Amino acid sequence: MKEGVGGEEEQLDVERSGGFAGRTLRVSIPASALEPRERTAIEQRLGRPPSPPTGPDRFVYRFRLHGREAVVQEDMVPAELQPLLDRLSHSWS
Amino acid sequence: MHGCICSIVPPSIFERVLRTGTPEERNSAMDTLSIDHSIRLVRAQNAALAAQPVRRAVAAPGGRGVVHRTIYDALHRNDQQATRLLRDEGDPPCPDEAANQAYDALGDTYRFYWDVLTRDSIDDAGMSLLGEVHFGRSYDNAFWDGRRMMFGDGSGTMFTGFTSAIEVVGHELTHGVTQATLNLLYTGQSGALNESISDVFGCLVKQYKLGQTADQATWLIGEGILGPAMRGVALRSMKAPGTAYEGDDQPATMSGFVNTTSDNGGVHVNSGIPNHAFYLAATAIGGNAWERAGRIWYQVMTLRAVPPDAQFHTFAQATLIAAAALYGASSVEAKAVADAWGEVGVLTATQMPAAAALAR
């Protein structure tokens, strides 16, 4: 198990904002719960400039890992991360 | 100066200032981020729009003022590739309730734009109205993709669907009208204006359909689509922003303006401010909101009176000029619009266009 600062297990924080409702919802999961291809897909995008809006009322996802973040518009989410978002679909709060 | 700083300082520094800085530091950081982003956003949005131009997908038969709707089934896919036809223009109702609701609401929205504003569809050239229902799985959203209106079924917990609320359909179609007119950048204040215009005309579509005056209307967006996990009556209230449901954080005035990088710079949060300005203007004018207040807002759109990166005060001044042009600089309508923007804190007395400018 990979540990973060202070010996605590590293967390992936995911935020979903936007959509017609405009609600900002969040969920955190242990980074160890990520599939390798999911972790790679997120890590490749950390620190990149946020993707610009692609259209009104689309969701915007923010992934935070290792103290860095990636902001990705809904229709720019790579296929590798779709299963992760499906797993999180009932965990937003 | 800010632009130079932006090129060498990582955005994360500014993000940190936004979270922890003093109000002055946060404003400065937001300005800097906005300038830096705006250059990229103008390029990116123009590129995206060039790839998805508003165009007539199918030539609508019958000349001006004749609606043409086509409703498809997304088959629960989210790749926007589904093409199963559910109901075409003139077809009788089909067994799919969401398809019939979308068909009817698109017809009501088209009729509003034609009857009230003499606008022939999204592009004012008879563009066919395309809708897709059952987008994604338990998808808690509806959106305009540049060519079509997409509707999820909702998860059943947060939302129960999006086609049953006529103002939601009107909201999405109006995003197409905004794209075809002002082309407002979907970020920060211009994005909040984009959202507000959709709420304004979504509400007006409903009020016109129901024959409600400004005083009779609920001014709610998303009435009747909340699931059991959402405690409230709707998603947004133009009459009283921030009160539609438990957790609604829309401000009504500039004193509550939210600085955030979420939701493309808070486009659905800060839209409460111009939303409330419209409500105040419409109720002060009285009568049917679509007849005068709606026409003033629409005039700003069709004359392309503000640039794509318009801020609240730019749009507010444009509505004042439009009100004066339509009804006179000393009219009840012009005064109502000026008072509304003043009450929500967007325009101070010194920012009001000079009477001479209004009279021109």
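Quick note: the coordinates plus some simple rules give every number you see, no bench work behind them. Everything numeric here is computed off the predicted structure, so don't read it as measured data. Counting neighbours? That spans all protein chains shown, and the Cβs are built from the backbone with ideal geometry, glycine included.
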Using alpha carbons only, how many degrees (0 to 90, rounded to 10) separate the axis of helix A:36-45 from the longest principal axis of chain A?
-> 60
Sparse-neighbour loop sites [GluC sites (Glu not before Pro); segment B:239-345; at most 10 other C-beta within 10 Å; DSSP] = B:Glu246
Relative exposure of A:Leu46, B:Leu220, judged by other C-beta atoms within 10 Å (fewest first) = A:Leu46, B:Leu220
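Give me the inter-chain shielding for B:303-316: mean count of other chain Cβ atoms within 10 Å, whole number please. All intermediate terms of the calculation are to be shown ahead of the outcome.
On the way: counts 0, 0, 0, 0, 0, 0, 0, 0, 0, 0, 0, 0, 0, 0.
Across B:303-316, the average partner-chain Cβ count within 10 Å equals 0.
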The exposure ranking of B:Tyr245, B:Tyr72, B:Tyr186, fewest beta-carbon neighbours within 10 Å first, is B:Tyr245, B:Tyr72, B:Tyr186
For B:Gln216 and A:Val27, extending 7 Å from Cα along the Cα-Cβ vector and measuring point to point gives, in nm, a value of 4.4
Cα gyration tensor category, rounded, prolate or oblate, for segment B:188-359 with a/c compared to 1.5 = oblate
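Per residue of A:55-67, count partner chain C-beta atoms within 10 Å of its C-beta, then hand back the mean as an integer.
5
Going by a ≥ b ≥ c, the root eigenvalues of the Cα gyration tensor, does segment B:121-167 fall in the rounded group (a/c under 1.5), the prolate group (a/b larger than b/c) or the oblate group?
Working: a/c = 3.42, a/b = 2.29, b/c = 1.49.
Prolate, since a/c reaches 1.5 and a/b exceeds b/c.
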So B:Arg77 and B:Arg111, fully extended at 0.36 nm per residue minus their Cα-Cα distance, gain in nm 9.2 nm
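Ranked by Cβ crowding within 10 angstrom, fewest neighbours first, how are B:Phe201, B:Phe112 ordered? Don't skip to the answer; put the middle values down first.
Values: B:Phe201 30, B:Phe112 25.
Ordered by Cβ neighbours within 10 Å, fewest first: B:Phe112, B:Phe201.
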